[in-house]
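Remarks on the structure that follows.
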Ligand SMILES: Nc1ncnc2c1ncn2[C@@H]1O[C@H](COP(=O)(O)OP(=O)(O)OP(=O)(O)O)[C@@H](O)[C@H]1O
Ligand SMILES: [Mg+2]
């Protein structure tokens, strides 16, 4: 059976994953601080907006939307029009996490999807939820099951510590895992990307060099 796919918006990535992310799917984008998770997520939402697809950005940190937009507007892929016209919308989950229990968090996300019916969604970063729910593994299972009821591609970003590739509690439920790597080589740090998992997809397993420039994130050498 042919799987429908959504282009990622990341230059050089789609040729490594048979053309894009499966629809629906939950993709974990993991990496250390500054590895490019949020930039990846915005580039993905902007790509959709340019195609007329609705996108939702859910922040679990209550980061100021104005500040985020200011940072993201330094990239060429960013187009403020899509934020102004509501093609991409911001949901602050962070300020409510402490008050809501598991069921209420899930219901809130479900209500947001039902109301806006987005093609693309981002929860950035997902691992913060671990501080608020009693059973994180169970929560992740229920979140992913709920998200699968919609024809949405959801990116969950995951922060990892030194030497860790991805948060395992998220990885086992995700359909795909993309690892953004920062590696010290001599005096400099080099960026790489590796696709650790992509269900239903014959994908690259190599470490591909990655660049973040004013144009956004680009996978440099698409070798298989
Ligand atoms: N305009 C730009 N041109 C080139 N590189 C940039 C530009 N803006 C940001 N960067 C690089 O991208 C990095 C930020 O990436 P981003 O915020 O997406 O990472 P993150 O993984 O979400 O980090 P965090 O863990 O802090 O949330 C910066 O640290 C910088 O190295
Ligand atoms: Mg970030």
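Quick one: what Rg and Dmax do you get for the chain from the alpha carbons, in Å?
Cα only, the chain: 16.5, 50 Å (Rg, Dmax).
Starting from the 7 Å offset along Cα-to-Cβ, what nm value, one decimal, do you get for the label separation of residue 96 and residue 61?
2.1
Compute the distance in nm between two label points, each set 7 Å from the Cα along the Cα-to-Cβ direction, one at residue 164 and one at residue 73.
3.4
Hey, how many Å between the Cα centroid of the stretch 167-224 and the Cα centroid of the stretch 1-34?
Centre-to-centre distance over Cα atoms comes out at 11 Å.
Kindly work out what percent of the DSSP beta bridges joining two residues of the chain are antiparallel, to the nearest 5. Kindly include the intermediate steps, with their values, before the conclusion.
On the way: 18 of 45 bridges.
In the chain, approximately 40 percent of DSSP beta bridges are antiparallel ones.
Using Cα pairs under 8 angstrom and six or more residues apart, how large is the relative contact order of the chain, in percent?
Working: 443 pairs, mean separation 68.2, N = 224.
The normalised contact order for the chain reaches 30 percent.
Rule-based calculations on the coordinates, nothing more; no lab input. These numbers were taken from a predicted model, which means no experiment stands behind them. Reconstructed Cβ throughout: ideal geometry from the backbone, glycine too, with neighbour counts over all protein chains shown.
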